[in-house]
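Beneath this line is the structure, given in structure tokens, with notes to follow.
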Amino acid sequence: MTSQPTDPYQAIARRYDTFIDPMNRKLKRMMLQFAPPEPGAVVLDVGCGTGTLLELYAAADCEVWGIDASPAMLAVARKRLGRQARLHDGDATAMPYPEGRFDWVVFTFVLHEMALDTRLGVLAEAKRVLHPEGRILVVDYHNGRLGFPRGWLLKGFTTIIERAAGGDHWAGYRHFMAHDAIDGLAAQAGLLIERQRVVGWGNLAISVLHPDRSS
Ligand SMILES: C[S@@+](CC[C@H](N)C(=O)[O-])C[C@H]1O[C@@H](n2cnc3c(N)ncnc32)[C@H](O)[C@@H]1O
């Protein structure tokens with residue numbers, strides 16, 4: 001008998017929108033201001049979690065799609081979005097979408113928690129399913145110069161949260177930060193950063209990327 005892999009978000013999924021998502025709500029709205037989608041744009045949220053970002057894209061008249069490896073998180077997203085979104089339960093290293101399907105492929109607080117080979121796998125898939133004129137939008141931690149005192153306080157807080165997540169998540173976070181976060185990862189994945197806005201007093205970055213066609 002084969003055992004199902006455990007879902008690391010099983011325990012938190014039903015409380016995620018009460019305790020975690022409110023901290024990121026403003027940032028999610030900021031993402032759409034920094035990179036406003038055209039009405040009708042086709043948007044894929046990778047690691048869409050409970051679907052709060054997709055809800056904002058749906059309100060901006062986009063066609064919204066999401067994929068997540070956690071059945072528990074997706075159950076919350078399905079309840080929130082109903083028929084507004086097309087959601088898939090699965091590992092984003094093998095996405096069930098055709099080439100060039102999406103105008104935007106979006107990652108919020110997803111890449112830092114993965115092992116390097118998974119990160120590179122999902123970004124290779126993101127490039128495959130991205131329309132030639134499309135863009136990848138990433139929000140994640142940044143290795144910026146921290147503002148004092150708020151940047152240092154936020155850094156301390158996020159380190160505690162990431163440490164508490166433990167196991168592979170904590171190992172992924174440490175690796176991500178030790179290798180220059182999204183800036184280092186973009187170079188490894190053959191992506192160019194077109195625009196970037198550092199927020200959270202140096203702790204976070206919103207980055208718009210596109211494949212490096214010269215590589
Ligand atoms: C910290 S949560 C962020 C959720 C959401 N993006 C947000 O900002 O609210 C990370 C999400 O990424 C998902 N995830 C992690 N690795 C994944 C993978 N390889 N494929 C698909 N989803 C993955 C997790 O299941 C989880 O829902």
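The values are calculated or read from the model by the stated rules, or taken from the named source; none is laboratory data. The shown structure was predicted, so the numbers you read here are calculated from the model rather than taken from an experiment. Neighbour counts are summed over all protein chains in view; Cβ atoms, including those assigned to glycine, are modelled from backbone coordinates with ideal geometry.
What's the total number of residues in the range 1-22 that are in a loop (DSSP other than H, G, I, E, B) and hydrophobic (A, V, I, L, M, F, W, C)? Step through it out loud before you land on a result.
Taking the range 1-22 and keeping what is in a loop (DSSP other than H, G, I, E, B), we get 1-12, 20.
Filter again for hydrophobic (A, V, I, L, M, F, W, C), leaving 1, 11-12, 20.
Final tally of qualifying residues: 4.
Looking at ASP103, ASP140, which one is more than 11 Å from the ligand (Cβ to nearest atom), at pLDDT 95 or above, among the acidic types (Asp, Glu) and within 20 Å of MET31 (Cα to Cα)? Please lay out each step first, then the result.
Numbers: ASP140 fails: more than 11 Å from the ligand (Cβ to nearest atom).
When all the criteria are applied, what remains is ASP103.
Mind checking which pairs have a first residue in the range 117-133 that is farther than 14 Å from TRP104 by Cβ and a second that is of a type in the set (Gly, Ala, Ser) and within 15 Å of the ligand (Cβ to nearest atom), Cβ under 6 Å, 6 or more apart or different chains?
If the second residue must be of a type in the set (Gly, Ala, Ser) and within 15 Å of the ligand (Cβ to nearest atom), the pairs left are LEU120/ALA189; VAL122/ALA92; LEU123/ALA189.
Can you tell me how many residues in the range 129-143 are surrounded by fewer than 19 Cβ atoms within 10 Å (Cβ to Cβ) and either out of contact with any Gly (no Cβ under 8 Å at 6 or more places or on another chain) or part of a loop (DSSP other than H, G, I, E, B) (or both)?
Of the residues in the range 129-143, the ones surrounded by fewer than 19 Cβ atoms within 10 Å (Cβ to Cβ) are 131-133, 143.
Checking which are either out of contact with any Gly (no Cβ under 8 Å at 6 or more places or on another chain) or part of a loop (DSSP other than H, G, I, E, B) (or both) leaves us with 133, 143.
Number of matching residues: 2.
Residue by residue, here is whether (1) touching a residue at least 12 places away in the same chain (Cβ under 8 Å); (2) touching a helix residue (DSSP H, G or I) at 6+ places or on another chain (Cβ under 7 Å); (3) more than 27 Å from GLU133 (Cα to Cα) holds:
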residue	(1), (2), (3)
ARG15	no, no, yes
PHE19	no, no, yes
PRO36	yes, no, no
ALA59	no, no, no
ALA72	yes, yes, yes
MET95	yes, yes, no
PHE102	yes, yes, no
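Do you know which residues across the range 23-73 are part of a loop (DSSP other than H, G, I, E, B) and closer than 22 Å to ASN203 by Cα?
First, pick out the residues of the range 23-73 that are part of a loop (DSSP other than H, G, I, E, B): 35-41, 47-51, 60-62, 69-70.
Matches in the range 23-73: ALA35, GLY47, CYS48, GLY49.
Identify all residues within the range 164-215 that are of a type in the set (A, V, I, L, M) and modelled with pLDDT under 95; write none if there are none. It would help to see each step written out before you state the result.
Taking the range 164-215 and keeping what is of a type in the set (A, V, I, L, M), we get 164-165, 171, 177-178, 181-182, 185-187, 189, 191-193, 198-199, 204-206, 208-209.
Those that are of a type in the set (A, V, I, L, M) and modelled with pLDDT under 95: ALA164, ALA165.
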